[in-house]
């Protein structure tokens, strides 16, 4: 189990990872939808290939694209879909400002994509909060749903949005769609959970977060966000990003474990991964940690940026390997 590979000392755990020499393995480019940044959000294997759904931004407008690679090639090359972006902003309504944070699952014979949506700028609230101008939680942040038969051509659900929240991650378990998402409280994100029988109508499992921030002084005392959950032996493991001072510029990645997807326990040696050295593509923030078992190793695909949200987020996609237990 991944969680058993780490000891109680965060500094030791962080040395267990080896960043790929090919980083960033997916870069923002000159395209009309991802020239400012690109960030991985959902990754899985299908028909012998890896599919990566990523958010990209151009001119403060975020949209969603699809990239594919050979099943054993996490470092790529990642080939963009010819129809990118596969999910675009709406002409009007709840998602006219941006669509991002895609999470794709197979359920009920179709591919379902859950995504964050805003009417305005996706990062406006984080900037307001940083400068003391925000009083209440962000307005207009919702989660939308789109359907697809092939995982490439998506049609938005006519009853959108399905939740008033942000940053969805979907997992199918016991014939239910479990949807993790974040909400703001006291200036930071907290991770919540809702479930659905049909993938459309969701009910929260409880009012409180299923993963809250850490105690004052801890590395994740302000915000926990971008949850990614996977089966790990006989338990579930959640990889998440966190920070002690910022809503939306996380500097570390931690792990938590659960038996039932509702009650989570953070491991003792968090954060297990942190930002890179000065000058690196991931020197300012790391987020969206997707961890996969590859043979007898673990690999993590993640979003890293060398600028804050306020400076103009510049995320690109990194890859790190977990070598041996510390």
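Here are the numbers for this structure:
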item	result
Whole-angstrom gap from segment 1-47 to segment 276-323, using each part's C-alpha centre	4
Where labels lie 7 Å past Cα in the beta-carbon direction, separation of residue 245 and residue 263 in nm	3.7
Cα centroid separation, segment 148-202 to segment 83-111 (Å)	12
Share of pairwise Cα separations in segment 148-299, more than 25 Å, in percent	33
Computed over segment 23-110, the ratio Rg/Rh where both radii use C-alpha atoms and Rh is Kirkwood	0.98
Order of 94, 273, 44, 37 - criterion: other Cβ atoms within 10 Å of each residue's Cβ, fewest first	44, 94, 37, 273
Projected area averaged over orientations for the chain, convex hull of C-alpha atoms, nm²	15.4
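Values in this text are rule-based calculations from the coordinates and carry no lab data. Here the structure is a predicted model, which means the values were calculated and not measured. Cβ: placed from backbone, ideal geometry, glycine included. Neighbour counts: every protein chain shown.
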